[in-house]
Amino acid sequence: MERPAADVFRIRGLCKTYHSGEVEVQALRGVDFDAQAGEFIVILGPSGSGKSTFLNIIGGLDQASGGEAWFRDHKLTSQSEAALTRYRRDHVGFIFQFYNLVPSLTARENVKLVTEIARSPMKPEDALALVGLSDRMDHFPAQLSGGEQQRVAIARAIAKRPDVLLCDEPTGALDSKTGIKVLEALTRVAAETGATTLVITHNAAIAAIADRVVNFANGTIVSAQRNASRKQPSEVSW
């Protein structure tokens, strides 16, 4: 059963239950969600609302307890571990709050780690140029600011030309001024590559830069709205 080409994600009734001894925690309670090609979506919600669990499942990092998750014509909720590994490698770029750079490698070498295993990667230099770091390619992480390290992480994520960028609190460890630079890099990358981009954040101010804003609470989506117009990251502060 194929999904329409523009329908990048189609999620129906997604559930996730965690067990710890006799305690049962319902992290997701029947989530329905769709994302179109090239959309920039901000996902808001308090800690424990299910945002990260949702992102991990549609990113192929975790398995659902129930429901269906489709990426194009691939039913993620019935894939083997090997198939999910291929899906992550070929289609998904991840950006997290903590940059996870290799300290002993330069910015260029950190990005090259991904390009060596990708099918049709960008040159590391091109990916770093896209996030404004052409002059910092040969610096080590310890020689870079937090914002610069996060931009290296974005370059690493996009260098394999992913269809989807999944970002979990990408500005969570940054101050407003630095975070805005990271958001500028992220929106530029999304526009130039056409990647469907989902950004999880606690920061409601960031919602203004999205095409669409989705709110999670208690393991469900409680609201979703499309912005009439998108602000530039430079117009946002927190």
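See the values below:
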quantity: Between region 54-115 and region 132-160, the Cα center-to-center distance that results, in Å; calculated: 20
quantity: Accessible surface of E81 - all protein chains present, 1.4 Å probe, nearest 10 Å²; calculated: 110
quantity: Length-normalised contact order of region 122-238 in % [C-alpha pairs under 8 Å, at least 6 apart]; calculated: 24
quantity: Residue with peak Gaussian network fluctuation, the chain [Cα springs, cutoff 10 Å], from G48, G59, G194; calculated: G48
quantity: Average Cα contact separation per residue, region 18-104, under 8 Å, 6 or more apart, as relative contact order %; calculated: 17
quantity: Too-long pairs where the Cα-Cα distance tops 25 Å, listed order kept, from K75/K231; K51/K112; K51/K231; K123/K181; K75/K160; calculated: K75/K231; K51/K112
quantity: Pair-distance profile P(r), taking every C-alpha pair of the chain, with 10 angstrom steps and integer %; calculated: 8, 32, 36, 20, 4, 0
quantity: Extension reserve of the A118-T17 stretch, reckoned as 0.36 nm per residue once the Cα distance is removed; calculated: 33.1 nm
quantity: Segment A228-Q26, extension gain: residue separation times 0.36 nm, minus the distance between their alpha carbons; calculated: 69.3 nm
quantity: Relative contact order [Cα under 8 Å, 6+ residues apart], the chain, whole percent; calculated: 26
quantity: Rough spin-label spacing in nm, given labels placed 7 Å along Cα→Cβ, for V102 and E192; calculated: 2.4
quantity: GluC sites (Glu not before Pro) restricted to DSSP loop in region 109-217 with at most 11 other C-beta within 10 Å; calculated: E116
quantity: Förster radius 41 Å - calculated FRET efficiency between Q143 and A204 (Cβ-Cβ, nearest 0.05); calculated: 0.75
quantity: FRET efficiency, 1/(1 + (r/R0)^6) with R0 30 Å, evaluated for W238 and N218 via beta carbons; calculated: 0.75
quantity: Cβ charges +1 (Lys, Arg) and -1 (Asp, Glu), total dipole of the chain, debye; calculated: 240
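The values are calculated or read from the model by the stated rules, or taken from the named source; none is laboratory data. Quick caveat: nothing in here was measured; it's all calculated off a predicted structure. For neighbour counting, all protein chains shown are included, and Cβ atoms are generated from backbone atoms with ideal geometry for every residue, glycine included. Protein only, heavy atoms only, side chains kept; ligands, DNA and RNA dropped before computing areas. Shrake-Rupley method; radii C 1.70, N 1.55, O 1.52, S 1.80 Å.
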